[in-house]
């Protein structure tokens, strides 16, 4: 059994290490396992329970009591209405309750308030999910960027290592000074250090995304590398106002603020209902038993009055009492509690209005920023692509001259460094542009996806 269990665990571990995660896989897993999302789900359940409780308040209240009493000393005999020095055992039974017929529609308004609060909570949950998805997309693209930087740095190092082999042969043949070899080897050491730095950044990006996904370790975690091509003739679809109009209709943070405003308006109605009279219907049922009580009987012929044992069942049946009643409570002066409650509720409505306005303004600012970033990133990508094309041609020419001894190692290494920097700038601008366009799609309500 132990060997079988270990085999199952090892197979499961091997499967998790072999799994390659797409962006959609990462987003789904993060949404299902993120702690913040789980907490918001619990908060939404609290809000649902509050709604259910406000609905249940429309039902009448019913309560019952049953008591067993012992009395010692001087007690009243209910049969003769005289006091006796006797121990008494008695029972009392009661069932009663009330129903609120009218209280200024406070119960109805409480239900509506809790309905809007629940809907706002659901939108808050969706907003958290969207933000988590956006964070996952950013970390995912960071991995893809770091992979490209590692690949570019590794390619440059391989070129340097090939040059070292060529230079060694020339040094051995006596056609090149040994100092040239030492300079290239020094460049190789710097590039190895740079490659290690790039790999460390890649490892950190793996760590960041696995922590966001609530995975225990990044060991064995790998992502799908989709084919991403950016056309330099690309344009940013839509303008800021068009994107903002779409976002107003789809973004959950806006819907949440609107629903919270509705909830605060019903909270004001609840407070205003405190000025209204309250009409309550009450009902009750009583009965009881006493062991000293005697059953009195009158002979219909002789008129003789006698008393005897009064059984429990007979007493309970004979002592039944029903009651129905209506009560109206009119608030007159309650220490200005109602007025202050109304005043605070009005302030709550104004605060919710400001919150909604602030949410819309912040959304517009975010779209403005994302749009400007996307336009800038596209310009940077276009310029970087031209720079890489020029640098590749320039380095190819420099490399040819270096191979025939027309360029010093210093110039050769400078050309290589400039090419690597241009390639890095191109990769960074590409993924920056992709992320910013995905942010704009995010505000348009388009699901995050790297494959169009």
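Would you calculate, for the chain, the mean residue ellipticity at 222 nm contributed by helices, counting each DSSP H stretch of 4 or more residues as -39,500 (n - 2.57) and dividing by all residues, to the nearest 500? Show your work: numbers first, answer last.
On the way: 10 runs with 295 residues, N = 452.
After summing the helix terms and dividing by the residues of the chain, the value is -23500 deg cm²/dmol.
Pairs of alpha-carbon atoms within less than 8 angstrom and 6+ residues apart define the contacts here; what relative contact order does the range 249-336 have, in percent? Kindly include the intermediate steps, with their values, before the conclusion.
Numbers: 79 pairs, mean separation 32.5, N = 88.
With pairs under 8 Å counted, the relative contact order is 37 percent.
Separation of the range 183-230 and the range 321-388 by C-alpha centroid, Å?
Taking the Cα centre of each part, the range 183-230 and the range 321-388 sit 41 Å apart.
When the chain is fully extended, how far beyond the present Cα-Cα distance does residue 379 get from residue 108, taking 0.36 nm per residue of separation? Before the final figure, lay out the partial values.
Numbers: separation 271, 0.36 × 271 = 97.56 nm, distance 5.74 nm.
Fully extending the segment from residue 379 to residue 108 adds 91.8 nm.
Modelled label-to-label distance, residue 162 and residue 65, 7 Å Cα→beta-carbon offset: nm?
Simple spin-label model gives 9.7 nm for this pair.
Rounded to the nearest 0.05, what FRET efficiency is calculated for residue 20 and residue 46 with R0 set to 25 Å and r the Cβ-Cβ distance?
Values: r = 39 Å, r/R0 = 1.55.
Here the calculated transfer efficiency is 0.05.
From the list [x] 85, 30, 15; [y] 37, 23, 20; [z] 50, 48, 20, can you say which value of semi-axes √(5λ) of the Cα gyration tensor in Å was derived from the structure given?
[x]
Length gain on complete extension for the stretch residue 408 to residue 361, per 0.36 nm per residue less the alpha carbon to alpha carbon distance? Mind dumping the intermediate values first?
Numbers: separation 47, 0.36 × 47 = 16.92 nm, distance 5.82 nm.
Gain on extension, residue 408 to residue 361, equals 11.1 nm.
Rule-of-thumb check for the range 75-170: C-alpha Rg over 2.2 N^0.38 Å? Kindly include the intermediate steps, with their values, before the conclusion.
On the way: Rg = 42.0 Å, N = 96, 2.2 N^0.38 = 12.5 Å.
Normalised Cα radius of gyration, the range 75-170: 3.37.
For the range 194-345, restrict the atom set to alpha-carbon positions and state the Rg and Dmax in Å.
Just the Cα atoms of the range 194-345 yield Rg and Dmax of 39.4, 124 Å.
Mind giving me the FRET efficiency for residue 95 and residue 275? R0 is 41 Å, r the Cβ-Cβ distance, nearest 0.05 is fine. Before the final figure, lay out each step's value.
Details: r = 34 Å, r/R0 = 0.82.
Using R0 = 41 Å, I get an efficiency of 0.75.
Give the calculated FRET efficiency between residue 350 and residue 203 to the nearest 0.05, with a Förster radius of 30 Å applied to their Cβ-Cβ distance.
0.05
Using 7 Å Cα-to-Cβ label points, what is the residue 193/residue 340 separation (nm, one decimal)?
6.9 nm
Every number in this text was worked out from the coordinates using simple rules, so none of it is lab data. Please read all numbers here as calculations on a predicted model, not as lab measurements. Here the Cβ is made from the backbone with ideal geometry for all residues, glycine too, and neighbour counts use every protein chain on show.
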